[in-house]
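A.B. asks: To start, I am sharing the structure in question, which I have written as structure tokens.
Since every read-out is calculated from the coordinates, none of them should be taken as a lab result. Everything numeric in this text was worked out from a predicted model, so none of it was measured. FYI the Cβ positions are ideal-geometry reconstructions off the backbone, even for glycines, and counts take in every protein chain you see.
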Amino acid sequence: MYALGLIETVGYLTAVSAADAAVKAADVEIVGIEKVIGVDGYLGVTIHFSGDVAAVKSAVDAGTGAAERVGKVVSAHVIPRAHNEVAGKLLPKFKLKPPENQVTDITEGNTTPETNEQTDNRDEH
């Protein structure tokens, strides 16, 4: 891991907006997500990104800007060269797990988890 970027938001919609803008802005990977019920019952969502330092900085800046347009950003931060103790012991607790037996490609159609048969949701004219 070169750098660790974090964007903490209030609400899932805000977090999705941040994540979308971040991965579109730079060559980063979403490596984790943390969801907690916070003060006054609001859902706090933190998105974790990794990549080289410049890419993570650009992604966090873009993600924060997009999130602020639709909701509330609590904080955002980039940790260059996160220490092995952080990367090895803390981050695995929030690592994303891929869905079991499911492959999806929204540009070519969807694969269903039950049959793994290809379906096409596009209209043909």
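A.B. asks: Tally Lys and Arg at +1 and Asp and Glu at -1 over the other residues with C-beta under 13 Å from the C-beta of SER17: what net charge comes out?
C.D. replies: +1
A.B. asks: Another question, if that's okay. Restricting things to Cα coordinates, could you compute the convex hull volume per residue of segment 3-97 in Å³? Kindly include the intermediate steps, with their values, before the conclusion.
C.D. replies: Working: hull volume 8.2 nm³, N = 95.
Each residue corresponds to 86 Å³ of Cα convex hull volume.
A.B. asks: Name the long-range amide H neighbours of GLY32: under 5 Å, sequence gap of 5 or more, or other chain; modelled H, no Pro or chain starts.
C.D. replies: Amide H to amide H, under 5 Å and 5 or more residues apart or across chains, GLY32 pairs with HIS48, LEU96.
A.B. asks: Give, as a single signed number, the net charge of other residues whose beta carbon lies under 14 Å from the beta carbon of ALA26, with Lys and Arg counted +1 and Asp and Glu -1.
C.D. replies: Surrounding charge for ALA26 is -3.
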